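Notes follow once the structure below has been shown.
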Amino acid sequence: MVVNGSSNLFRMVRARLAPPALACALVFGGTAFAGASDAVDQSLLQIEQAGPRLKATPSMVAKIAKAARDQGIAAAPETEAILELAVRASFKPDAMSDGILDAVAETGGATVDPAVFAKAVAAFEEGRAKVARMYEAQDQAAAKDIETRLADTGTGPRITQLADLMASPDLAVETAFTGQVMYVALEAFENSSAAELASAPQDKLQAEMKGVMEQLRARIENEKPVPKDVARTDEKSRLAFILATLPSEDLSVLSDFYASAAGKAKRQALVDAYKQASDQANTKMLGVYFAELADYLKANPRAQQ
């Protein structure tokens, strides 16, 4: 395999590798674990990066605004600033993370040794950092090792199955969905109805926002800037690269957990709670955005044209 800018391997990991989380093992606070189940829940949210995903939401605004401009939407610096303000007012990562952790805890205990599970999660984080370094250095030897393991008839299918079982692909869909909500917000400013929508009564505005959210959830075509199925596929590929770096014993620990009834219940609780928190934050974000936009349009009437 030739490692260059067009390499499939490196394109698939490009810009999708989160920073190593080894220094943030306790993503949701520095308190001691209350018990074995709590420790497993903490490790689960760590490996799925629920907290860091939420904390990174405000940084998405600049990327979404650039994507909008690339599509001919004149996302002005003023409206971009208004959107970022709305995002920061609506996405409260710590509180959202606490709620997600509580939902996962409600599923009960897990049938995995918390120390063994934590070790496997730590190995995964090391793998995340290794893949990031591989991409940055265009390391052909490391890339070949990963490709070899993914192509192995025994290990490859196990990795693929585990990537399918993890929550991260669904959480990546939620990130893509939030990006679509941001895009629509910027796009609306360019529409002739922007001023009318921005100045609508709050009760009507909230009703409009609910409809917008439902339509975006259901949309499977013309999704901008990143289609939800693309986000899911990319995340599975990213997970596969990282999982391919794990020792066999750690891979087995993760596979056994995610395939267990308790693991599936916790994984689903995490996804459901994350989606609910995301929906609430996105709905509030739109409401704040258009309320602030109304004030901006009153002070800058030319922006309506």
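The solvent-accessible area of Lys204, taken with every protein chain present and a 1.4 Å probe, is close to 100 Å².
Per the Kirkwood formula applied to alpha carbons, region 206-305 shows a radius of gyration over Rh ratio, Rg over Rh, of 1.16. Extending 7 Å from Cα along the Cβ direction at Ala207 and again at Asn222 yields two label points whose distance is 2.5 nm.
Distance distribution P(r), region 80-195, all Cα-Cα pairs, bin width 5 angstrom from 0: 2, 8, 9, 15, 16, 13, 12, 11, 8, 4, 2, 1 percent.
Just to confirm a number: summing +1 for Lys and Arg and -1 for Asp and Glu over residues other than Ala86 whose beta-carbon lies under 9 angstrom from that of Ala86, what do you get? Don't skip to the end; give the middle numbers.
Values: positive: Arg88, Lys284; negative: Glu84, Glu292.
Residues close to Ala86 contribute a combined charge of 0.
With 22 Å as the limit, write out which pairs from Lys55/Lys275; Lys130/Lys275; Lys55/Lys264; Lys92/Lys298; Lys236/Lys264; Lys63/Lys92 have Cα-Cα distances beyond it, or answer none. Where the Cα-Cα span goes over 22 Å, the pairs concerned are Lys130/Lys275; Lys55/Lys264; Lys92/Lys298. Other residues with beta-carbon under 13 Å from the beta-carbon of Val184 carry, at +1 per Lys or Arg and -1 per Asp or Glu, a net charge of -2. Largest accessible area first, the residues Ser248, Ser168 order themselves as Ser248, Ser168 under a 1.4 Å probe with ligands, DNA and RNA left out.
The values are calculated or read from the model by the stated rules, or taken from the named source; none is laboratory data. Bear in mind the structure is a predicted one, so any value in this text is a computation, not a measurement. Here Cβ is always computed from backbone atoms with ideal geometry, including for glycine, and neighbour counts include all displayed protein chains. Protein only, heavy atoms only, side chains kept; ligands, DNA and RNA dropped before computing areas. Shrake-Rupley method; radii C 1.70, N 1.55, O 1.52, S 1.80 Å.
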